[in-house]
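**Q** Structure below; questions to follow.
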């Protein structure tokens, strides 16, 4: 589904473009979960490294931004030295990672590759702002209590369809609250500098700016 996924994210939306206020020329940047590389256009090639778990999406990213560096890797084993980056941008990724243990391990790895005092720019879909997702979460919680739902409380799966409405995949999400996301980030060695909601079309994203605490 890489081509269809990329087509649905063919441009840089205003909420992502607004993050350029956190870009400082000369800082080494990691775009963690870069997808088709659309965020890379805001960075000079010498400052930027993008990573993703999907080779198909990285092929698209390299075609779009051939001068930039894109690396295939697993999110819990980043192939970079300790303290390699001034900032890590992790945009709409964390909510796809299943279980608190995996999410905590992911954040530990982010902290490892950040320089002391380096910053994490983190966004997550705010699924609780949409009534249809609230209904689905309640349904999934009820099934969990009955022992027929293997996912954790707060987890849902949502369909991804192509432009013709054909179902291509069911995608896993964890529905964060802002307070829960702040607790998770703080517990893994970050000092939260700002946290709030960012508009995303008709919906909203959770957004956190945090500093590696040493």
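The values are calculated or read from the model by the stated rules, or taken from the named source; none is laboratory data. Every value quoted in this text rests on a predicted model; they were computed, and no experiment measured them. Methodologically, a virtual Cβ is constructed for each residue, glycine included, from the backbone with ideal geometry; neighbour enumeration extends over all protein chains shown.
**Q** So for segment 113-134 (the condition being within 26 Å of residue 4 (Cβ to Cβ) and out of contact with any strand residue (DSSP E or B) (no Cβ under 9 Å at 6 or more places or on another chain)), does at least one residue qualify?
**A** yes
**Q** Which condition breaks for residue 88 when tested against (1) over 24 Å from residue 159 (Cα atoms); (2) surrounded by fewer than 21 Cβ atoms within 10 Å (Cβ to Cβ); (3) at pLDDT 95 or above?
**A** For residue 88, the exception is condition (2).
**Q** Inside segment 93-206, counting only helices (runs of 4 or more DSSP H) that do not spill past its ends, which hold 2 or more residues that are in contact with a helix residue (DSSP H, G or I) (Cβ under 7 Å, 6 or more places away or on another chain) and modelled with pLDDT under 85?
**A** Where helices (runs of 4 or more DSSP H) fall fully within segment 93-206 and carry at least 2 residues being in contact with a helix residue (DSSP H, G or I) (Cβ under 7 Å, 6 or more places away or on another chain) and modelled with pLDDT under 85, they are 131-145.
**Q** Would a scan of segment 187-196 turn up a residue that is buried (at least 16 other Cβ atoms within 10 Å of the Cβ) and on the phi > 0 side of the Ramachandran plot?
**A** Yes, there is a match, as at least one residue in segment 187-196 is buried (at least 16 other Cβ atoms within 10 Å of the Cβ) and on the phi > 0 side of the Ramachandran plot.
**Q** Of all residues in segment 19-40, how many are surrounded by 13 or more Cβ atoms within 10 Å (Cβ to Cβ) and either more than 16 Å from the chain's Cα centre (by Cα) or not assigned by TED's automatic domain parsing to the domain that holds residue 107 (or both)?
**A** Count: 4.
**Q** Do you know which residues across segment 12-39 are touching a helix residue (DSSP H, G or I) at 6+ places or on another chain (Cβ under 6 Å), more than 14 Å from residue 93 (Cα to Cα) and not in a loop (DSSP other than H, G, I, E, B)?
**A** Residues satisfying the conditions are 20, 29.
**Q** Just to be sure before I move on: is residue 100 within 16 Å of the chain's Cα centre (by Cα) and over 29 Å from residue 18 (Cβ atoms) in the structure I sent?
**A** Here the answer is yes, as residue 100 does meet what is asked.
**Q** Out of 72, 78, 114, 127, I need the residue that is free of Cβ contacts under 8 Å to residues at least 60 places away in the same chain, buried (at least 20 other Cβ atoms within 10 Å of the Cβ), more than 14 Å from residue 176 (Cβ to Cβ) and more than 12 Å from the chain's Cα centre (by Cα). Which one?
**A** After ruling out the rest, the residue left standing is 78.
**Q** Determine whether residue 80 is part of a helix (DSSP H, G or I) and either under 20 Å from residue 7 (Cα atoms) or touching a helix residue (DSSP H, G or I) at 6+ places or on another chain (Cβ under 8 Å) (or both).
**A** For residue 80, the condition - part of a helix (DSSP H, G or I) and either under 20 Å from residue 7 (Cα atoms) or touching a helix residue (DSSP H, G or I) at 6+ places or on another chain (Cβ under 8 Å) (or both) - is not met.
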